[in-house]
1. At a 10 Å Cβ-Cβ cut-off, how would you order A:17, B:212, A:50, B:379, fewest neighbours first?
2. How many nm separate the modelled label positions at residue A:125 and residue B:87, each set 7 Å beyond the Cα in the direction of the Cβ?
3. Hey, quick one: spin label on residue A:6, modelled 7 Å out along Cα-Cβ, who in the stretch A:32-68 has an amide N within reach, i.e. under 17 Å?
4. Quick one: Cα centre-to-centre distance for the stretch B:330-408 and the stretch A:1-72, in angstrom?
5. For residue A:36 and residue A:161, calculate 0.36 nm times their separation in residues minus their Cα-Cα distance, and state this gained length in nm to one decimal.
6. Contour minus end-to-end for residue B:401 and residue B:269, with contour as 0.36 nm per residue of separation and end-to-end as the Cα-Cα distance?
7. In deg cm²/dmol and to the nearest 500, what is the mean residue ellipticity at 222 nm of the protein assembly as shown if only DSSP H runs of at least 4 residues count, each as -39500 (n - 2.57), divided by the residue total?
8. Calculate the FRET efficiency for residue B:176 and residue B:103 from the Cβ-Cβ distance with a Förster distance of 41 Å, rounded to the nearest 0.05.
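Please treat every number below as a calculation from the coordinates, not as lab data. No experiment lies behind these values; they were computed from the predicted model shown. When we count neighbours, we look across all protein chains shown, and the Cβ atoms used for this are built from the backbone with ideal geometry, even at glycine.
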Ligand code: SF4
């Protein structure tokens, strides 16, 4: 995973709530067996509409998505995160994310930032009025900065440390091999097994 | 202070706890299917890792599998490639797999419980959000992403922050025509699609205790639609009776030891939940969705709401968008909504009791002209049982299509899809835009409402079939 310290880019204001993962990446894209090549599937249904915000020329190359509440609800598909990243997004801002989506995004280095809806509203107004406005997401300072806007955000220290250092979860867990083996030795005999190992 | 059911199961699985870090949780059962696993197996290969516990891992094929002509090669080359990838991965790594054509094949959340692998007090994960289904057994069960699938394959653990707990207490007797599906749709409408976010829900109270295991699974299945991490129901005699004698249920002394442990899995009287919701079961009625998320629902006897009636601007906007997509207008009685398609199936309502209750309504009746009805059992075992009981005949004589087991029209990954603009009454769990096929419009309903709707051609409950020759309701 790539480390994330701070990122500055233009934004895409997405004035929709409850953007579920079926909208982010429709099911037929899930047949791919790789982690890349999902960019054309991102918001596929909405992109057929020429007035959809992602289709506007001034939004090309934008890297920060500012979305409505309950972003990423629904299916656990990590493809939603890959699609956002493949398209070029580095950070998503919303007042509330679905849990699984948020976990998936942080594991892949896509920073999901929770801000008060009032700040999201301000970011929408700013970036709708001025599509060239830069938005900075600074993970070291835990701050989102834009013209006239400075907002602190929370992220638990452990997740932040892993993102800042680009650390891979599996290697970290495997450092606790002794604990895992000890736990396994104490598991009751009645626990189910799929095969006799 | 006492602990809640969720806290007990959580604590029993902590491998390592350290200040400032998420708990490292042991996973008892890992279920795999073809959609969310290919990139995880790839990750293992790239890092020269093995599957740590093959004996706690099992795979089935469900999302991409066709429900007709299953003996022929799968027509869609991309679906075929994904199934072949799963087969190769399972063969390479030694994972037990139930492929299309196998007697244990089916939707992953139907297969786990019916094999007796889903047990009280276990941790169950799967790269699928409806893993919450397994919580009906008092298991802590939740959906994970592909990176976590790889993590569990490699380590049999997951680093996780403990969610908060919410009690959803349902007291009183459910009225005759009201099913578990109506109850969960009403709960989601009440707390919202984000209402459970950050919580493990525990469904409790006299109405829940009376439910069968299958009804409990329907409820826990849809916990994720309220945004919850998981949903749980304390195990009791109903749970033990369901499990006893199943393939992977403990036997002999192990059974006794297991039951003794399972009986401890109840929320202590002095435990405190972080949030509580109370529902009066006696006030509930058949419930359907009108919008494009599972929280946009209302009693069948009511009308499409007016977006202007929402105080919250984003809810109002969401309702406007939903009505536009659904082709509905405010004030339209829900009963007047005509459908083209009725789907009975999925991990929410594709089990034997669901098929029985739909068949009881269709018996001696006909599916309305111009309506296509698909009945898709959740697993091959469910299908075999239905055939043994003659339910498939009831469906086909009524004019419905009896299909092979799989996810089918629950989501548009296999050939069973809605055409743009088509409208369905569906026993599945998601009415998102395009979920059942591009441009398709979905109304979530119970199996009983689905069957009555098929007969009348518009959203209806069994009570609307007054000229009934057959016995109505279950
Ligand atoms: S039946 Fe539907 S919800 Fe259940 S696992 Fe299959 S696609 Fe997912």
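1. So the residues, fewest neighbours to most, are A:50, B:212, A:17, B:379.
2. Computed distance between label sites residue A:125 and residue B:87 equals 6.0 nm.
3. A:64
4. Between the Cα centre of the stretch B:330-408 and that of the stretch A:1-72, the gap is 36 Å.
5. 42.4 nm
6. Full extension from residue B:401 to residue B:269 adds 42.6 nm.
7. The per-residue figure over the protein assembly as shown is -9000 deg cm²/dmol.
8. Efficiency, from the Cβ-Cβ distance: 0.70.
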